[in-house]
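Note sheet for the following structure.
What follows draws every value from the coordinates through simple rules; no lab data is involved. All figures in this text were calculated on a predicted structure; none of them were measured in a lab. Because the Cβ atoms are built from the backbone with ideal geometry, glycine has one as well, and the counts that use them run over all protein chains shown.
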Amino acid sequence: HQKEAVEAGYMAGRGLIHHPVAAGKSYVLAGLVQRCAVPSLILTHRKDLLYQLAETMREALDVPGMVGIIGDGKWEPHWITIGLFQSFNAAIKNYPKDVKAVMDKVQCVLVDECVAPETKIATPAGPRPIRLVQVGDEVLTYNHDKGKVEPKRVRATHREHVKKPWCKLRAGAYQLTA
């Protein structure tokens, strides 16, 4: 399903790729970066995902020296840059020239973990809206090491109701509001 998602996303040029939790979205993002073969920015909202995505890009694309991080006190843009929304938001206000320099080079912007409250999550009892999933509930996840779907307990949830956009970013003629 990941290869099909990469190809569909690439051919469409923009859009939303909807995969359940632990279905390998990081690998889909890596595939899109590879397929586009242009300077890319991947935005996420949590530090753990920042580092997870950076590691996935380095390993999946075999480009250890071409992945940079913006966030968690670091401003290290590169050919592939993983960034935190919050860091970009602060930088837009405090260091607009630095943000412009990054965005002038970026030709592909991808966003990880855009999950609407009604997004269905696979559970052993059937699909369920993510807004109803609680710590301790079981969800179905894909275990890459075993190559199969298996249940796992939810260890934490993160809910943030955003009333206004965190930031607006431009890449060429395109604007991303997140």
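Given N residues in region 43-120, what is its alpha carbon radius of gyration divided by 2.2 N^0.38 Å?
Working: Rg = 12.9 Å, N = 78, 2.2 N^0.38 = 11.5 Å.
Scaled against compact globular proteins, the figure is 1.12.
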**Complete:** If each K or R counts +1 and each D or E counts -1, the residues other than G31 whose Cβ falls under 11 Å of its Cβ total +1
